[in-house]
Structure formats: structure tokens, C-alpha cells
Amino acid sequence: MTTKVRVLLLWPGADAGSGGNFGVPQLVLLGTYAQQQTGAEIAIRDLEFERALGPISLPKLLAGDEGHGYDVIALSIYSSFDHLKCTAIAEIARSLWPNAVIVVGGYHPSARPFDYLRAGSPFDVCVIGEGERPLVTIIESVQGGAPLRGPITLGPDSIADLDSLPPSDWTLLERYREVAPRVASQAQVYLSRGCPFDCAFCMERAKRDVSWRPLSIERALGEIESLHRFLDLRGWTLYFGDALFGMRKSWRREFLDGLARLDIPVDKYWLLIRVDLIEDEDLRLFAAANCGLGFGLESGDPGQLAIIRKSGRLDTYLDRMEHIAERAREWQVPWGANVICGHPGETRASMAVSAAYLRKLFLRERGTTGFLSVDPFRLYPGSPIDAERSVWEKKYGTRFHRPHWWEDGDPEFLAEWIDPSAELDYLERESLQHQLIDPILAQIEGKFVYRGPARDYFLAAIREQVEFSQSSSRLHFLGRYFAWQGYLYGDRGNRVAERERREHVGLRELARAERERRLDAVAKQAGVGRDHPVMAALLEVPRERFVPTDQVAQSVRDVAIDLDREGESDEPARATVSAMHAYARSFSLLEVGPGQRVLDLGAGTGYGAALLIELVGAHGSVVAIEFDAALIEIGRREASVVEWHCADALDATTWPFSTAAITKVTVGFALAELPESWLAAFAEGTWIVAPLREPETGEIRLSRIVHANDHFEIEPLEPVLYVPARRDFAKSLPRAQELRLPVLR
């Protein structure tokens with residue numbers, strides 16, 4: 001008796017676009033067809049849903065339920081965002097199961113097959129285009145005793161008649177049926193393939209066959225019925241994941257009529273269709289069938305639409321969208337429109353025109369049943385723009401900073417790091433997008449008059465877009481921008497990033513808004529009242545200016561930020577900007593107030609000194625000592641009113657200033673013991689707050705210390721973790737890892 005070929009179809013989860021969907025219908029169709037044609041034993045694993053079953057062990061997952069492994073392991077790289085993840089999984093699979101045939105398919109492999117055919121690649125086969133027939137070929141090679149060994153390509157070999165495929169066997173997802181409602185709110189099916197339109201940004205043509213091919217009406221309705229029998233779609237939205245729904249009018253209308261009669265109890269059907277395909281009769285049918293519509297509007301500027309290659313009658317395209325919006329409101333049909341900001345060729349003027357149109361479209365006096373989603377342009381391999389990058393660079397001055405971004409480990413940012421035109425760079429596009437579009441997004445919910453099924457679903461989409469426009473999200477991407485300047489261009493890039501950080505319009509306001517949102521938690525952690533003066537200082541002082549440029553986004557969090565390191569990555573930092581609550585705790589213990597002269601020992605880049613300036617006011621002063629001249633340079637730039645000295649904080653005899661008027665001292669590093677020179681340097685009654693080691697236990701405790709004539713009175717408080725003194729780094733103190741103390745963060 002011949003053993004069945006064991007096949008694993010692996011979906012890596014959704015990092016872009018399709019998160020929260022249940023179904024992976026492309027893999028279900030692949031698995032169903034392969035079972036029918038070859039009798040193979042098919043397993044589908046979706047890493048997004050595997051997490052709901054418990055911690056994921058890739059070795060166990062790749063071994064299968066019986067532990068024997070698979071003969072064929074096929075990974076779906078739907079988009080370029082999944083490239084590195086799937087390649088890493090394939091390398092693990094190759095090491096564990098060297099005899100398996102490892103396959104890759106999807107949009108990115110179709111667009112960039114040579115990413116998987118290089119020497120040393122873990123993949124044997126790269127499938128271009130549709131995967132059903134190539135997968136059968138691979139399985140048959142295993143059955144015949146001569147497994148395909150690569151690297152080789154198969155395809156394109158598309159299916160002209162989709163009805164020739166067997167109905168989807170949803171039981172291939174039985175593993176996830178019970179957890180599906182906890183992980184997802186939207187199920188997904190495919191009813192057609194292909195999109196013959198050639199929008200400049202789209203990857204669709206990477207699949208080679210772009211002809212529109214639907215299931216028959218009976219088969220399409222049957223797919224929905226069978227999914228309902230398997231999953232029970234009550235309370236779900238059902239997404240038709242087609243690249244283009246219902247391109248042919250006769251098919252579209254017959255299907256919608258049948259869908260209405262089918263009476264499946266979904267909350268709402270959701271689909272993607274073109275503005276220029278819809279007529280009033282379609283809206284009536286969509287309403288009767290309980291459908292919501294998604295439009296790739298792309299821009300509200302006619303000139304930009306032409307650049308994007310939105311085909312059809314562009315002179316009436318935007319008018320048509322307005323007409324649809326009016327009729328949709330009358331029919332109570334919910335809809336969404338997506339626009340792309342910063343598409344190559346975009347200018348300040350085109351963004352302004354687009355924003356004016358969107359305001360008119362969505363903020364209507366009588367309300368709207370639509371919502372707006374906004375994406376920055378992302379460069380996708382296989383798109384016309386990718387194929388013609390030099391043309392776009394020459395014609396519009398577009399700059400693609402990382403055209404092979406999927407190789408670099410930061411796809412979220414690098415995919416959209418593009419200067420759209422000679423007059424509009426990434427930073428200005430980002431600022432303009434939020435300046436022009438955010439006010440519209442903020443008002444849409446108040447204008448949203450849809451009251452039908454799944455209203456909460458659409459309200460969630462509206463609120464999600466508003467959330468994406470908030471300061472935390474913007475700071476994240478700005479932080480990545482500044483970081484990559486230094487990563488790619490070294491010292492020159494860091495200088496550029498520093499200049500742009502200082503000149504960026506709105507960065508200070510963004511960071512301030514984020515700090516304000518977090519200050520209640522900071523005050524609680526520090527044990528001070530929200531109205532304490534130090535909290536006002538934390539709000540106003542721009543911490544983002546005192547940290548490395550690649551830590552701008554981190555600067556608003558209540559964590560310590562490394563300023564430098566020595567040795568391997570597991571070595572403790574030699575200098576940090578402490579967590580915000582650490583400053584609040586220390587300065588409140590010191591009772592710093594107006595008119596005082598305060599000494600900051602181990603001042604680093606001067607963030608703490610800048611806070612102290614706020615606390616002592618115009619009639620007070622702050623002296624800062626730092627061992628590292630490079631950090632002092634930053635401090636003098638960002639906190640210029642501070643009196644800076646490059647000196648040894650542990651040896652008061654070397655300090656080039658008088659300590660007579662100093663009454664408060666803060667120490668930013670851990671002390672093995674109090675230096676003897678301090679006793680002579682400071683006047684009686686001087687207060688010091690410092691992290692100090694207890695001789696008996698070796699613990700570092702934040703301590704309040706008072707100069708009492710010939711000795712120091714020490715009040716040990718809570719355990720903390722600070723960097724040791726720079727002079728005796730990793731020498732006079734135990735390593736931070738060995739202290740095992742709570743981290744003051």
C-alpha cells in the first residue's frame with residue numbers, strides 16, 4: 001500500500017491588509033484541488049490562528065500532528081511584507097526536514113522569483129502565478145519517486161474556468177473552527193480572479209494572468225453557503241477577497257439578486273469594486289443583498305488620478321464618486337474609499353486639491369454612509385511603478401530610498417520611505433498628510449448616518465483611521481525615518497537626521513501630546529502628585545531632543561534610553577537618559593524649588609539638567625558635570641543655560657567652580673560609596689539624592705543623603721538599577737546583570 005504524500009500549506013499570518021480575516025481561501029482552494037487530483041494528505045496551518053491555540057513551536061508545527069513531518073512544505077508569501085518571515089521559516093524547515101520539497105508562491109514570488117532561486121536558498125520550487133496545477137505537479141513528482149529539487153520555477157499556469165475547480169473543502173480549517181470567532185470578526189471567500197486594470201501601484205499583474213474570471217453564479221453562491229454551513233456566519237461580516245468584484249455587469253447583477261434570496265444571516269457582505277462600474281441599479285441590488293462597498297479612489301485630484309493610471313473617463317470619475325455617495329446614503333449602503341498620499345508624482349498642490357475634494361465628499365451637510373481610509377504610498381514589486389522606477393525618477397523626481405525594502409527587516413517603514421516628487425519629500429508628505437487629512441478623519445464619525453446592520457463594524461473602521469493619525473503612530477514612523485538616516489549613511493546621515501529633527505514642524509507638539517497622555521502613569525510610578533512641579537517640567541521639556549535620533553519614538557515612553565554601549569550587545573549601557581519617573585522621583589526627594597543652585601552629576605546629554613532649569617526658575621541655576629565630552633556637546637546645544645563642565649564627578653578637588661552656593665545635588669549614576677572629596681566640597685545641610693550601594697547586601701538603593709558637618713546621614717530607599725560611574729565602568733561595581741535588581745523604569 002502506497003503511503004499518501006503529506007503536504008503542509010503554511011500561511012504566515014497577516015502583517016498587512018488582511019489581519020483579522022478567517023478563511024485563507026486561496027490555501028483552501030489549493031488544498032481541495034490537490035486532494036482531488038492526487039489523493040494527498042493536506043494540512044493547512046495559519047500562524048495567526050495558531051497563536052490562539054497556545055504558544056507556537058515551529059519544530060512541532062513542521063513535524064505535523066503525528067511527528068513524521070511533511071513531504072511537501074509550501075509557504076504562501078501573499079505580500080512582500082512576509083518575505084523575510086517565510087524565508088526564515090523555510091530555513092528552519094530545511095534544517096529539520098532536509099528531504100522535504102519546500103515551495104513558495106504568492107504575489108512576491110511571482111514578482112521576484114529570483115529572490116528564491118539564489119544559491120543556498122531553502123526553497124526548491126518557486127511558483128509563479130496561480131498555484132493549483134504547479135502544486136499537483138510537485139506532489140506527483142514525490143509520488144513518482146523523483147521529488148522536484150531546485151531551485152526551479154513552475155508556472156504561470158492559470159485556471160481559465162474556475163468552475164473546473166472543486167468546491168472549497170472548508171473542513172481543511174477544522175483545527176481553527178472553535179477559536180475563529182475569538183481571533184477574527186470577518187470571514188473571507190474568493191468568487192473571481194484577476195483584474196485587467198493597470199493601476200500604477202498595484203501588484204496584480206505580477207500573477208501574469210490578469211483576465212477577470214468568475215465562478216458561475218451557482219458556484220459562487222455555493223461557496224458562501226458551504227462556508228456558512230461550516231462556520232455559522234451569524235454575527236460575521238463576509239469579505240469577498242476578489243481583486244475586483246463583479247467586473248461584468250450581467251454577472252454582478254445576477255449574483256447580487258441571488259445573494260439577496262440566499263438570505264445568509266451575516267452582519268454584512270464587504271467587497272472591492274471600481275467607482276466607474278457602478279450604476280444606480282447596482283446600488284439598489286447592493287442594498288437588497290446587504291453589501292458594503294470598498295472603492296480604491298486613490299486621490300481626489302484629477303491630475304494625480306491620471307498619473308496613477310486610473311483608466312476610464314477621468315473627467316467624470318470624481319463626479320461619479322459623489323453621485324454614488326449621495327445614492328448610497330439614500331439606499332443606506334455603507335461604503336469606504338481608500339486614498340493614497342504620496343504616490344509618485346504627488347505634489348503639495350495635488351495633495352491640497354485631493355484634501356478639498358475629500359472634505360466635500362465626506363463632510364456633507366446631510367451626512368454620509370461612507371468612511372475614509374488613508375495609506376501612504378508603498379512600493380510593491382511587480383507593480384508598473386516598480387518596473388519603471390527610472391522613468392518615475394526622471395519624470396517626477398521621485399526618490400525610492402530602499403527599492404528592495406523587503407530585504408531589510410523594517411518593511412513597515414521602508415516600504416513607504418519615498419520622496420514622491422522633486423518638490424515633495426517624505427517628511428513634508430507626512431506632515432501635509434496629517435495637516436490636510438486628519439481634520440477630515442476626525443469629523444467623519446459625526447457625519448456618519450448609516451444605521452443598518454454592522455454599523456459598529458464601520459464605526460470601528462472610522463475610529464481605527466483616527467487612531468492611526470494620532471501622535472503615537474506618527475512618532476513611530478518619524479523615529480524610523482531618523483533611525484534609517486543614520487543606519488544607511490553613517491555620520492553624515494546622523495547629521496542630516498539631527499538637523500531634520502530640529503527643524504521638523506510639529507515634532508515637539510507630537511512628542512508633548514504623547515508625554516501628556518502618559519504622565520498620570522509616570523506620576524503614579526514616581527509616587528508624586530500629578531500637580532507636582534516636576535510633572536509640568538516633564539511635559540514641557542522636549543525629551544526627544546536629548547536622545548539619539550533613532551530613539552525619538554522611544555523618548556515619550558517612561559523607560560531608560562541608552563546613549564552608548566561598549567562591547568557586545570548584552571553589555572550594560574555606559575550612559576543613559578533615565579526613565580521619566582526616575583527624574584520625578586529623585587527631584588521630588590530633593591525638593592528642588594525656585595531660586596536654588598543645583599548640581600547635576602553625571603548629566604549625560606542634559607535632559608535632567610533641563611528639567612532642573614524648569615524647577616529652579618529664572619532666579620536659580622544648574623551646574624552640570626559630565627565625563628563624556630561628546631555628551632556635553634549635545635547638552636550645551638539643547639540646554640545652553642546650564643553651566644556645563646567636563647570633569648570627574650567623583651573627584652570634587654578637580655571641579656573648576658565654587659560649590660559654596662550649591663544646596664541640592666542629584667547623581668545620575670550608581671555609587672559604590674560616597675567619595676571623601678564630597679564631604680569637603682559641600683556645605684553642611686546640602687541634600688544629595690543618589691543611587692548608592694549598601695555595603696552589607698551590595699544592593700543599589702536610591703538614597704537621600706544629608707551633609708551633617710563631618711559626615712553624611714544616609715536614608716536608603718527603594719532598590720534601583722543605574723549605570724555605574726563612567727570612570728570605573730564594570731570595575732568598581734558588579735555588572736548590572738549580576739545585581740538582579742528591579743529596574744527603575
With 0.36 nm assigned to each residue of separation and the Cα-Cα distance removed, Arg502 to Trp331 gains 56.5 nm
Using a 1.4 Å probe on heavy atoms of the protein chains only, the accessible area for Leu679 in Å², nearest 10, reads 60
Row for the range 458-591, column shape: gyration tensor on C-alpha, a ≥ b ≥ c, rounded if a/c < 1.5 i.e. under 1.5, prolate if a/b over b/c, else oblate; value oblate
Restricted to the chain, the DSSP antiparallel beta bridge percent, nearest 5, is 25
Here the gain from full extension of Glu715 to Glu676, 0.36 nm per residue of separation minus their alpha-carbon distance, amounts to 12.2 nm
Projecting the Cα atoms of Ala88, Leu117, Leu27 onto the charge dipole of the range 1-137, where Lys and Arg contribute +1 and Asp and Glu -1 at Cβ, the residue farthest towards the positive end is Leu117
Cα-based Rg/(2.2 N^0.38 Å) for the chain, rounded to two decimals, is 1.14
Counting only DSSP beta bridges fully inside the range 500-631, the antiparallel percentage to nearest 5 is 45
Calculated from DSSP helices alone, with each H run of at least 4 adding -39500 (n - 2.57) and the total divided by the residues of the chain, [θ]222 nm to the nearest 500 comes to -12000 deg cm²/dmol
Within the chain, the cysteines whose Cβ lies no closer than 4.7 Å to any other cysteine Cβ are Cys86, Cys126, Cys195, Cys291, Cys341, Cys646
So for the range 26-174, using the alpha carbon gyration tensor with a ≥ b ≥ c as root eigenvalues (a/c under 1.5 gives rounded; past that, a/b versus b/c decides prolate or oblate), I'd call it rounded
Quick note, the range 127-262: a/c under 1.5 would make it rounded; otherwise a/b > b/c is prolate and the rest oblate (a ≥ b ≥ c, C-alpha gyration tensor); here it is oblate
From the Cα centre of the range 198-268 to that of the range 404-478, the distance in Å is 28
Treating only Lys and Arg (+1) and Asp and Glu (-1) as charged, each at its beta carbon, one finds that the chain has a dipole about its Cα centre, in Debye to the nearest 20, of 1360
Between Arg149 and Lys85, the two model label points (7 Å from Cα along the beta-carbon direction) sit apart by a distance in nm of 3.2
Answer in debye to the nearest 20: the dipole magnitude of the range 263-366 about its Cα centre, from +1 Lys/Arg and -1 Asp/Glu charges placed on Cβ, is 320
Given the candidates Ala442, Ala511, Gln525, the one whose Cα lies deepest towards the positive end of the charge dipole of the chain, counting +1 at each Lys or Arg C-beta and -1 at each Asp or Glu C-beta, is Ala442
Cα-Cα longer than 31 Å, checked against Lys60/Lys207; Lys85/Lys360; Lys310/Lys394; Lys524/Lys664; Lys268/Lys310; Lys395/Lys447, kept in input order, equals Lys60/Lys207; Lys85/Lys360; Lys395/Lys447
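The values are calculated or read from the model by the stated rules, or taken from the named source; none is laboratory data. None of these values were measured; they are calculated from a predicted model. Note that each Cβ is placed from the backbone with ideal geometry, even for glycine, and that neighbours are counted across all protein chains shown. Areas reflect the complete protein model, heavy atoms only, side chains present, ligands, DNA and RNA absent. Shrake-Rupley method; radii C 1.70, N 1.55, O 1.52, S 1.80 Å.
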